[in-house]
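Trainee: Mind looking over this structure? Questions follow.
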Amino acid sequence: MMKFHVKTYGCQMNERDSEAVGALLMASGYEQAADEDDADIIIINTCSVRKKAEDKALGKLGLLTYDKENRRVIVGAIGCMVQRLQNHLLEMVPGLDFAVGTQNLSKLPEILASVLNSRERVIETGTGGGNDSLLCGHNSKNVCAFVNILFGCDRGCSYCVVPAVRGPERSRPADEIISEVKALAKTGCREVTLLGQSVMSYGRKNKVWPEDYVSPMGFKEPLPRLLEVVNAIDGIKRIRFTSGHPSGCTEELVRAMAELPNVCEHIHLPLQSGSDRVLKLMRRGYTVDDYRKAVEAMRKVMPDMGITTDIIVGFTSETHEEFEMTRLFMDEIGFDNAFIFKYSPRPDTPAADWKDDVPADEKMSRNKLLLEEQDRRSNALNVKYTGRTLEVLVEGVSKRNKTRLSGRSRSNKIVVFDCADDIKNGSLINVVIERVMAQTLYGKVLN
């Protein structure tokens, strides 16, 4: 039996794709390798959101395919970079055996069989040619799972390559999602994160609920309805969803988050800039005040709401004053954490034609300053948890200290604590927080 290994670059959507591809290949008779050295087939799942992510994937593919004549392994690439580069990827990586784009991942078993039989290179980047519903397999050992509810994106932010590589927005039928979550619960999964590039758009472009469906809580909007049904699935203790958009923070969604007990008090709500002019240039579809009102609406009913965000520094024509607006607004909102990126133009986006006029050293300076300030902000926010008892879902051994366990609070704080024989993965335990750092809380289990 041939063994495969998948290495993933990029976002949670890519992580989910890799898991689904792995399940699909195992169902087709392949075995998952323990690591890269044990594999007969190595698959690199690529990202195109930033140039740095593409460079990493290209570098890895170059190393893997350097000596094509003497190597025994089959090397392939899948995902966003494949979809963007198309046939150019085969020229850039001469030793690549196969390449499959984002909308044809369900065809991977037959593509792989073709490569193994003929030893000829194959590339498949057609649009709409695959079957999204086939990508629903999971690793049965996971306590937490990602579940796709929406593919693609129609927002058209000026800097973002996702619509070009992920295709148009399309929502999965609610019954498919519910069946998938029920199956996960039976394997011991306790937390699901509902995924979509712009997850709050779920169900807005295509019908996902039967005409005669009536929400017990009176919800009319597709996402609150879905949260309500998933909340009632036996065995699922926590529900998250990502990524958000201020326009999706409706009264119904806020009510669903506040009243459904298994929906966690955390949201990832990308801001990108604190300047209205820059936001308009980015085509984000909201103002700073729109963002502020969305946060206020959630915190009014969930005061301990955890809010994380994305920020881009050095976007085309961003002035020092506009950067300062971002700094001030980040401090005003008080984000629990922020993922901060230096702007780099991406091909196939409107902004690629605009002058990238913020110097690289200035981008670096702005990036470094925001990271330092966020580190201090996160630490100050976390200090407030000292002495408090938090409910933690046990996820496994700590990455940094194998003698301790870790999990997350409802507001998405990483919590590390001492091991004990009676604590199993998937357990919900109470932990008293004893000390904190910017990214992690440390405590002891409360008997």
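The values are calculated or read from the model by the stated rules, or taken from the named source; none is laboratory data. Here the structure is a predicted model, which is why all the values come from computation and not from measurement. A quick note on method: Cβ atoms are made from the backbone with ideal geometry, for glycine too, and the neighbour counts reach across all protein chains shown. Note: accessible area is taken over every heavy atom of the protein model, side chains too, but ligands, DNA and RNA are not part of it. Shrake-Rupley method; radii C 1.70, N 1.55, O 1.52, S 1.80 Å.
Trainee: Counting only residues that are under 21 Å from Ser409 (Cα atoms), acidic (Asp, Glu) and touching a helix residue (DSSP H, G or I) at 6+ places or on another chain (Cβ under 9 Å), how many does segment 142-195 have?
Mentor: Count: 0.
Trainee: Among the residues of segment 145-194, which ones are of a type in the set (Asp, Glu), within 17 Å of the chain's Cα centre (by Cα) and open to solvent by 10 Å² or more (accessible area, probe 1.4 Å)? Spell out how you get there, then give the answer.
Mentor: First pass over segment 145-194, keeping only residues of a type in the set (Asp, Glu): 154, 169, 175-176, 180, 191.
Next, from what is left, pick out any that are within 17 Å of the chain's Cα centre (by Cα): 169, 191.
Across segment 145-194, the qualifying residue is only Glu169.
Trainee: Return the residues of segment 227-240 that are open to solvent by 10 Å² or more (accessible area, probe 1.4 Å) and free of Cβ contacts under 8 Å to residues at least 60 places away in the same chain; say none if nothing qualifies. Reasoning before the result, please.
Mentor: Quick first cut of segment 227-240, residues open to solvent by 10 Å² or more (accessible area, probe 1.4 Å) only: 228-229, 231-235, 237, 240.
Within segment 227-240, Glu228, Val229, Asn231, Ala232, Ile233, Asp234, Gly235 qualify.
Trainee: To continue, here is another question. Filter segment 77-102 for residues that are touching a residue at least 12 places away in the same chain (Cβ under 8 Å), out of contact with any helix residue (DSSP H, G or I) (no Cβ under 8 Å at 6 or more places or on another chain) and assigned to a helix (DSSP H, G or I) and give the result.
Mentor: The one that is touching a residue at least 12 places away in the same chain (Cβ under 8 Å), out of contact with any helix residue (DSSP H, G or I) (no Cβ under 8 Å at 6 or more places or on another chain) and assigned to a helix (DSSP H, G or I): Leu90.
Trainee: OK, next. Looking at segment 212-308, what helices (runs of 4 or more DSSP H) fall wholly within it and have at least 3 residues that are under 23 Å from the mean Cα position of the chain (by Cα) and at pLDDT 95 or above?
Mentor: On the way: elements: 222-231, 251-259, 276-282, 288-301.
Once the helices (runs of 4 or more DSSP H) in segment 212-308 are filtered for at least 3 residues that are under 23 Å from the mean Cα position of the chain (by Cα) and at pLDDT 95 or above, what remains is 222-231, 251-259, 288-301.
Trainee: Here is a further query. Name the residue that is most open to solvent (accessible area, probe 1.4 Å), counting only residues in segment 398-447 that are without any contact (Cβ under 8 Å) to a residue 60 or more places away in the chain and touching a Gly at 6+ places or on another chain (Cβ under 6 Å).
Mentor: By that ranking, first place goes to Glu434.
Trainee: Please tell me if Asp212 is without any contact (Cβ under 8 Å) to a residue 40 or more places away in the chain, open to solvent by 10 Å² or more (accessible area, probe 1.4 Å), in contact with a helix residue (DSSP H, G or I) (Cβ under 6 Å, 6 or more places away or on another chain) and at negative phi.
Mentor: Values: without any contact (Cβ under 8 Å) to a residue 40 or more places away in the chain: yes; open to solvent by 10 Å² or more (accessible area, probe 1.4 Å): yes; in contact with a helix residue (DSSP H, G or I) (Cβ under 6 Å, 6 or more places away or on another chain): no; at negative phi: yes.
No.
Trainee: Does any residue in segment 121-138 that is within 18 Å of Gly167 (Cα to Cα) and of a type in the set (Asp, Glu) come within less than 7 Å, Cβ to Cβ, of a residue that is open to solvent by less than 60 Å² (accessible area, probe 1.4 Å) and not in a loop (DSSP other than H, G, I, E, B) six or more places away or on a different chain, and which pairs are these?
Mentor: Sorted first by the residue in segment 121-138, then by its partner, the pairs are Glu124/Val100; Glu124/Asn104; Glu124/Lys107; Glu124/Ile111; Asp132/Phe151.
Trainee: Give me the residue from segment 96-129 that is open to solvent by less than 10 Å² (accessible area, probe 1.4 Å) and small (Gly, Ala, Ser) and, out of that set, farthest from Leu63 (Cα to Cα). Step through it out loud before you land on a result.
Mentor: The first filter runs over segment 96-129 and keeps only residues open to solvent by less than 10 Å² (accessible area, probe 1.4 Å), leaving 96, 98-101, 104-105, 108, 112, 115.
Imposing the further condition that a residue be small (Gly, Ala, Ser) reduces the set to 99, 101.
Values: Ala99: 16, Gly101: 21 Å.
Filtering first and then ranking leaves Gly101.
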